[in-house]
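Q: Here it is, the structure, as structure tokens.
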Amino acid sequence: MPDDITEYFAHTGITHTQSQTDYQFLNSSRRQSLIQHENEDDIDAKNDKAFNVSGSKMSTRFIEESTFDEPIHAHGDSSSDSGSDSEGKHNDEYSDDEDLKKYSKWRRFYLKHVVIDRSIADVSILDSFMYNSDLKPVEEERRVWSWYNFAYFWLAECFNINTWQIAATGLQLGLNWWQCWITIWIGYSFVGAFVVLSSRVGTAYHLSFPISSRASFGIFFSLWPIINRIVMAIVWYSVQSWLGSEPISLMLRSIFGKDLPERIPDNFGSPNATTYTFMCFFIFWVIEFPFLLIQPHKVRHLFTVKAVLVPFASFGFLIWSVRKAHGKIALGSLTDYHPTGTAFSWAFLRSLMGCMANFSTMVINSPDFARFSKSKHSALWSQLVCIPALFSITCLIGILVTAAGYEMYGVNYWSPVEVLEQFLIRSYTKGTRAGVFLISFVFAVAQLGTNISANSLSCGTDMTAVLPKYINIRRGSIFCACLALCICPWNLMATSSKFTMALSAYAIFLSSIAGVVCGDYFVVRRGYIKLTHIYSNRKGSFYMYGNKWGCNWRALVGYLCGVAPNLPGFIGDVGAPKITVSIGAMRIYYLSYWVGYFISFSVYIVLCYFFPVPGQPVKNIFRDKGWFQRWAEVENFEDEWKKSLLKDDLSDDKIDVYEYSRGKTFL
């Protein structure tokens, strides 16, 4: 077996996904290349033995022939969640396999339970990282998302408790309801634009975020933005699970009595949580867990239920609140603090920035779902329009419910769910209990759907890209859920100010990543990506950036420059009141997303002007004109990729903007 899996691909002619029949009748060129190791009869015997499982679908990187005395039986599923559904099934099939019995018990355990695909048991982590079925460009058969699918996706995403809390944060800063709603429209309009910009590389080249980030950060340094996204997914999974505990609590109190929290002894030992609230959090966490074990395409029915039920429950809750307030809502500021002048301007901007910070994770990984676009524009106007429109409507519900709650109870509730809690406390009748239970149930479903689609699946997908040999989407999702228990989200969610601080912290790091990626794709590379190079770590690959570490130092400098201005304000916010910083530093921090995005964007393109990057299609990125993004045809990409691996050095490869399509460019 060659030391490099890519050399094996290049010289044997094996495709990445082949059926049993394909392997049993290997072509003559492959037999010729192997004859130096074994005679043809031995090869045929091994092939027959390796594929004696009738009708099995193979999705292997290669056949293991030389590491063991006999080939290990290969198995798997070439879908994006490879191994998730078939892993246990195949393990049962091979549990009594004679070939495995000759190995030690630890080796058998490793082959059966640790590696995702036994056929790549001895492939290095590096080789599996470079190219596998989860990372390859999406072929036409799987590109099925039309514009209405994106609209439907965001409709399901926008209804959740967290979105309402984002809206209510502006009310906590002293804005009235309509001022707060204006910030929502502006903030989510910017979000829609950033999501569309980030998703274009996924749409045009059908690449996921872990692969597209290689272009700007480098083949190996791309691990840094991927790990950032994994960490944020885990934190958000924890936060959303904590929010899901609130409707669980209301359902329990609707059944067992409104004084249930007082009847359960509190031995938790935290000022921000009790034994009862942690119990509700853990119940919701346990309810979520089985959904992590289901393949992503099978869990879609949950999103369908969410999209149907949640709008009705939300508008029903709004109508109920307004009726209980006798048709009146508080139209002015809901706090004793009424900002004016400069103070008002900064309160306005902080409310606006909360929307953008809330979306910082979805912005950078938007290629993950844009790669399934059916056409060039499927992910363009649908997202540009639907994100601000749908989220603004959802936020308006939260704002009006909070304003109605203030009219009734004289309290500026941060979360609209707290208003629903007051309904139960102040009127514990059969009708109220039933209404609160049903609305809480739907809100719990909303949290469940959001947490799976936006966090657990994102974490699982990114971890699959980092360690595809050992982690599939199911394992990555389980890892996300387990670590979420260690985050202590009750401390992050103790007050609206702490929540806003947490959002800003996320935005500091993720906005700088998004700025570098945007500058590289739109200004430096003008929409041009060489796909064969982005999957290769060979010498001369554009995205190895001329060093063995595969690191683009320009991206690193741009990233650090975007993060640095926000750090003093972040330290002052986290360390308050013990640590104080200047008002100027705090105001820069309040604009963290814009500051991080545009500074990293600007620094990166300036560095690329003075130190041009390999593979840029224009010589002078400021003066030369040209836009080269085309709809890539990737049906035969794997064959093209294998041909490129016949070269030991890719330095002679030329920039060809028509390499993957002769069609027109598109924006």
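Q: For residue 539, list long-range residues whose amide hydrogen, built 1.01 Å from N in the peptide plane, is under 5 Å from its own amide hydrogen.
A: 650
Q: To continue, here is another question. Using a 1.4 Å probe over the heavy atoms of the protein chains, calculate the carbon and sulfur portion of the accessible area of the stretch 411-460 as a whole percent. Walk me through the numbers on the way to the answer.
A: Working: 1000 of 1530 Å².
Accessible surface attributable to carbon and sulfur in the stretch 411-460 totals 65 percent.
Q: Also: Can you give the Kirkwood hydrodynamic radius of the stretch 405-472 from its Cα pairs, in Å with one decimal?
A: Working: mean 1/r = 0.0672 Å⁻¹.
Mean inverse Cα-Cα distance, inverted, gives 14.9 Å.
Q: Right, another one. Which order do 258, 642 take by accessible area at a 1.4 Å probe, largest first?
A: Numbers: 258 85, 642 20 Å².
Result, largest first: 258, 642.
Q: Quick one: work out Rg over Rh on the C-alpha atoms of the stretch 167-236, Rh as Kirkwood radius. Present the calculation step by step, with values, prior to reporting the outcome.
A: On the way: Rg = 17.0 Å, Rh = 14.7 Å.
Rg/Rh: 1.16.
Q: Can I ask one more? With each pseudo-label sitting 7 Å past Cα toward Cβ, what's the residue 428-residue 148 distance in nm, one decimal?
A: With each label placed 7 Å out from Cα toward Cβ, I get 4.8 nm.
Q: Let me ask something else. Given N residues in the stretch 596-667, what is Rg(Cα) / (2.2 N^0.38 Å)? Show your work: numbers first, answer last.
A: On the way: Rg = 15.5 Å, N = 72, 2.2 N^0.38 = 11.2 Å.
Taking the Cα Rg and dividing by 2.2 N^0.38 Å, one obtains 1.39.
Q: For the stretch 536-667, max minus min Cα coordinate along each principal axis, in Å, sorted largest first?
A: Principal extents (largest minus smallest coordinate, Cα): 62, 33, 31 Å.
Q: What FRET efficiency do you get for residue 620 and residue 301 if R0 is 51 Å and r is their Cβ-Cβ distance, rounded to the nearest 0.05?
A: Between residue 620 and residue 301 the formula returns 0.45.
Q: A further question follows. Regarding the stretch 445-484, what are the three Cα extents along the principal axes, ordered largest first, in Å?
A: Largest to smallest, the principal-axis extents are 33, 16, 11 Å.
Q: If you take the alpha carbon radius of gyration of the stretch 372-444 and divide it by 2.2 N^0.38 Å, what ratio comes out, to two decimals?
A: Values: Rg = 17.7 Å, N = 73, 2.2 N^0.38 = 11.2 Å.
Ratio of Rg to 2.2 N^0.38 Å for the stretch 372-444: 1.57.
Q: Hey, another quick one. Which value, in Å³ per residue, describes the convex hull spanned by the Cα atoms of the stretch 172-306? Walk me through the numbers before you get to the answer.
A: On the way: hull volume 30.3 nm³, N = 135.
Each residue corresponds to 224 Å³ of Cα convex hull volume.
Q: Also, quick follow-up: Modelling each spin label as a point 7 Å along the Cα-to-Cβ direction, I'd like the residue 666/residue 567 distance in nm, to one decimal.
A: Distance between the two pseudo-spin positions: 4.3 nm.
Q: Gain in length, residue 560 to residue 385, computed as 0.36 nm per residue apart minus the alpha-carbon separation, to one decimal in nm? Write out the running numbers ahead of the final one.
A: On the way: separation 175, 0.36 × 175 = 63.00 nm, distance 3.25 nm.
Extra length from residue 560 to residue 385 when fully extended: 59.7 nm.
Q: Of the cross-linked pairs 530/625; 376/548; 112/643, which ones have a Cα-Cα span greater than 28 Å in the structure shown?
A: Numbers: 530/625 19 Å; 376/548 35 Å; 112/643 33 Å.
Correct reply: 376/548; 112/643.
Q: Pairs 102/136; 374/619; 101/647; 619/642; 374/642: which are spaced more than 31 Å apart, C-alpha to C-alpha?
A: Working: 102/136 35 Å; 374/619 33 Å; 101/647 40 Å; 619/642 29 Å; 374/642 26 Å.
Beyond 31 Å: 102/136; 374/619; 101/647.
Q: Rolling a 1.4 angstrom probe over the protein heavy atoms, how many square angstrom per residue are accessible across the stretch 143-238? Don't skip to the answer; put the middle values down first.
A: Values: 2290 Å² over 96 residues.
Result: 24 Å² of accessible area for each residue.
Q: Another question about this same structure. Per residue of the stretch 639-656, what does 6.51 cos²θ - 1.76 cosθ + 1.60 with θ = phi - 60° give for ³J(HN,Hα)? Whole Hz please, x for Gly and Pro, Karplus curve as stated.
A: My calculation for the stretch 639-656 gives 5, 5, 5, 5, 5, 5, 7, 5, 8, 7, 9, 9, 4, 7, 5, 9, 7, 10 Hz in order.
Q: Over all directions, the average projected area of the alpha-carbon convex hull for the stretch 478-606 comes to how many nm²?
A: Values: hull surface 43.2 nm².
Over every viewing direction, the Cα hull of the stretch 478-606 projects on average to 10.8 nm².
Q: Using all alpha carbons of the stretch 312-410, what is the percent of pairwise distances in each 10 Å bin, ordered from the shortest bin to the longest?
A: Each 10 Å bin holds this share of Cα pairs: 12, 30, 30, 19, 8, 0.
Q: Any idea of residue 108's accessible area? Nearest 10 Å², probe 1.4 Å.
A: 80
Q: Okay, next question. Rounded to two decimals, what is Rg over Rh for the stretch 335-475 when you use alpha-carbon atoms and the Kirkwood radius? Spell out each step's value before the answer.
A: Working: Rg = 20.2 Å, Rh = 18.9 Å.
Rg divided by Rh gives 1.07.
Q: Could I have the simple spin-label model distance between residue 338 and residue 178, label points 7 Å from Cα toward Cβ, reported in nm to one decimal?
A: Those two pseudo-labels are separated by 1.6 nm.
Q: Excluding ligands, DNA and RNA, what is the solvent-accessible area per residue of the stretch 278-433 at a probe of 1.4 Å, expressed in Å²?
A: Working: 6530 Å² over 156 residues.
Computed with neighbouring chains in place, this is 42 Å² per residue.
Q: By accessible area of protein heavy atoms, probe 1.4 Å, what ranking do 175, 457, 197 get, highest first?
A: Numbers: 175 0, 457 35, 197 65 Å².
Solvent-accessible surface, decreasing: 197, 457, 175.
Q: Sticking with this one: Just the ratio, please: alpha-carbon radius of gyration of the stretch 345-397 over 2.2 N^0.38 Å, N its number of residues.
A: On the way: Rg = 13.6 Å, N = 53, 2.2 N^0.38 = 9.9 Å.
The value comes to 1.37.
Q: Send over the per residue convex hull volume for the stretch 281-368, Cα only, as a whole number of Å³. Don't skip to the end; give the middle numbers.
A: Details: hull volume 16.9 nm³, N = 88.
Hull volume over Cα atoms, normalised by residue count, gives 192 Å³.
Q: Moving on to the next point. Tell me the carbon and sulfur percent of the accessible area for the stretch 215-343, rounded to whole percent, probe radius 1.4 Å.
A: Numbers: 4230 of 6020 Å².
Carbon and sulfur together cover 70 percent of it.
Q: If you don't mind, another one. So what is the diffusion coefficient of the stretch 243-320 in µm² per second by Stokes-Einstein at 20 °C and 1.002 mPa s, using a Kirkwood Rh over Cα pairs? Write down the numbers at each step before the final one.
A: On the way: Rh = 14.8 Å.
Translational diffusion coefficient: 145 µm²/s.
Q: Can you work out the Karplus-derived ³J(HN,Hα) for every residue in the stretch 428-445? Use 6.51 cos²θ - 1.76 cosθ + 1.60 with θ = phi - 60°, whole Hz, and x for glycine or proline.
A: So the Karplus estimates, Gly and Pro as x, are 8, 9, 4, x, 5, 4, 5, x, 5, 4, 5, 5, 5, 4, 5, 5, 5, 4 Hz.
Q: Compute the semi-axes of the equivalent ellipsoid of the stretch 108-185, taking the square root of 5 times each eigenvalue of the Cα gyration tensor, and list them largest first in whole Å.
A: Numbers: eigenvalues 430, 80, 28 Å².
Ellipsoid half-lengths, sorted descending, are 46, 20, 12 Å.
The values are calculated or read from the model by the stated rules, or taken from the named source; none is laboratory data. The shown structure was predicted, so the numbers you read here are calculated from the model rather than taken from an experiment. Cβ atoms come from the backbone with ideal geometry, glycine included; neighbour counts cover every protein chain shown. Heads up: the accessible areas ignore ligands, DNA and RNA and are worked out on the full protein's heavy atoms, side chains in. Shrake-Rupley method; radii C 1.70, N 1.55, O 1.52, S 1.80 Å.
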